[in-house]
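Have a look at the structure below before the remarks.
The values are calculated or read from the model by the stated rules, or taken from the named source; none is laboratory data. What you see is a predicted model; the values in this text were computed from it and never measured. Using ideal geometry, Cβ is built from the backbone for each residue, glycine included, and neighbour counts are taken over all protein chains shown. Ligands, DNA and RNA are stripped out before the accessible areas are found, and what is left, the full protein with its side chains, is counted by its heavy atoms. Shrake-Rupley method; radii C 1.70, N 1.55, O 1.52, S 1.80 Å.
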Amino acid sequence: MVAGANGQTAKVPAVIVFGDSSVDAGNNNVISTVLKSNFEPYGRDFFDARPTGRFSNGRIPPDFISEAFGLRPFVPAYLDPMYNISDFAIGVCFASAGTGYDNETSNVLNVIPMWKELEYYTEYQQKLRSYLGGKKAYKIISEALYIVSLGTNDFLENYYSSFPIPGTNGGGRRAQFPVVGQFEDFLMLLAEGFIRELHRLGARKISFTGIPPMGCLPLERTTNFMGQHECMEEYNAVAKDFNGKLGAMVDRMNRELPRLRMVFSNPYDKFYEIINKPSAFGFDVVSVACCATGLYEMSYLCNRQSPFTCTDASKYVFWDSFHPTEKTSQILAEYLIKSLLLPTFS
């Protein structure tokens with residue numbers, strides 16, 4: 001146990017985050033990409049109504065997890081100039097919106113690839129040793145809770161995209177892997193390589209997150225003309241299949257890697273329940289998002305000039321066409337915290 005926020009006892013010394021926009025706290029703010037959210041109305045329900053670069057009206061899952069473990073109620077982005085190593089010692093986010101397991105996915109919108117997230121993490125370790133000394137730094141690195149959350153972009157931005165991806169001879173991964181299961185297996189190898197490297201660098205407690213029912217995102221429903229704008233069940237089936245493979249990988253790696261305690265945090269079923277029974281969770285609207293028309297907008301298309309943005313995001317499952325509202329994130333995070341994370345890691 002370590003001292004946490006407000007003098008309470010924290011259950012882990014830090015929360016360290018890798019992944020995509022599901023967990024990005026604002027690293028994309030400082031890189032050259034169109035995929036940003038550091039402007040209103042993003043962040044309007046965050047502390048001080050501040051747009052941070054989170055793709056939400058407020059907090060995202062790692063923020064709720066950090067708070068539940070007795071740490072700060074948010075996890076700052078590593079590249080945010082407002083923070084330094086003294087802040088990052090109890091929590092840091094390396095995630096980048098738009099990234100994926102596949103480097104070609106990060107190339108689509110020129111965001112931070114996963115190998116670069118690990119490079120930043122190595123740099124962070126060096127800063128932590130300089131700041132706290134080797135012994136204290138080792139304790140944080142080995143006892144921190146690591147959150148890894150990505151994969152959706154590999155399918156929706158990359159495999160199923162109609163736009164050729166640079167560096168793939170114009171055909172994209174779908175030409176290379178005509179059967180989606182082959183692409184899933186390719187991603188599995190990349191995911192395993194990432195976890196092995198994270199373990200080599202000292203991570204021992206890992207929450208490895210599956211992908212949501214991506215066929216029910218407002219953007220996918222909007223473009224599902226033939227299906228009467230219902231969920232794209234083909235994409236949901238892929239998500240379930242891929243999650244099954246990820247869960248099996250987590251089990252195997254727990255057996256293979258010394259002292260690893262990794263759990264598979266699968267949001268699919270709870271998220272699908274919210275989408276299919278929104279009123280049971282206090283939601284009124286599920287098929288469109290709060291921001292702008294709610295049909296296809298995210299990032300710069302979701303801005304303060306839109307006259308259609310909803311007044312109460314808590315009534316909506318989705319904030320923009322790709323990302324859940326703070327309320328949805330809180331429900332999903334609390335479900336995983338209570339059912340899996342606290343029982344395993346506290």
Open item on the list: Can you return the aspartates and glutamates within cross-link range of K327? Criterion is Cα-Cα under 13 Å, with same-chain partners fewer than 8 residues away left out.
Closed with: D45, D63, D284, D312
Open item on the list: Straight-line reach only, C-alpha to C-alpha below 18 angstrom: list the aspartates and glutamates that K245 could link to, leaving out same-chain residues fewer than 8 apart.
Closed with: D102, D154, E184, D185, E192, E234, E256, D269
Task: Amide hydrogen neighbours beyond the local backbone of G151, cut-off 5 Å, H modeled - done: Y101
- [ ] Enter the Cα centre distance for the pair segment 241-318 and segment 211-236, rounded to the nearest angstrom.
- [x] 13
Task: Distance (nanometres) between label positions extended 7 Å along Cα→Cβ at K135 and E197 - done: 3.2
- [ ] Kindly point out, ordered by number, any Cys in the chain whose beta-carbon has no other cysteine beta-carbon under 4.7 Å away.
- [x] C93
Open item on the list: What are the ³J(HN,Hα) couplings of segment 178-190, residue after residue, when phi is run through the Karplus curve with 6.51, -1.76, 1.60 and θ = phi - 60°? Round to Hz, x for glycine and proline.
Closed with: x, 9, 4, x, 5, 5, 4, 5, 4, 5, 4, 4, 5
Task: Correct option for Rg and Dmax of the Cα atoms in Å [calculated from the coordinates] among (i) 19.8, 65; (ii) 20.0, 61; (iii) 19.1, 60 - done: (iii)
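Would you mind getting the accessible area per residue of the chain, heavy atoms of the protein chains only, 1.4 Å probe, in Å²?
I get 41 Å² per residue for this part.
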Open item on the list: Placing unit charges on C-beta atoms (Lys and Arg positive, Asp and Glu negative, everything else neutral), compute the dipole magnitude of the chain about its Cα centre in debye, rounded to 20.
Closed with: 1240
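Do any chymotrypsin sites (Phe, Trp or Tyr not before Pro) in segment 193-242 lie in a loop, going by DSSP, with at most 10 other beta-carbon atoms within 10 Å of their beta carbon, and if so which?
Values: sites: F194, F208, F225, Y235, F242; in loops: F225.
Of the chymotrypsin sites (Phe, Trp or Tyr not before Pro), the ones in loops of segment 193-242 whose Cβ has at most 10 other Cβ atoms within 10 Å are F225.
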- [ ] Summarise the accessible area of the chain (1.4 Å probe, protein heavy atoms) by the percent that is carbon and sulfur.
- [x] 54
Open item on the list: Which residue, Y42, I31, F74, has the largest displacement toward the positive end of the dipole of segment 15-269 when charges sit on each Cβ (Lys, Arg +1; Asp, Glu -1)?
Closed with: F74
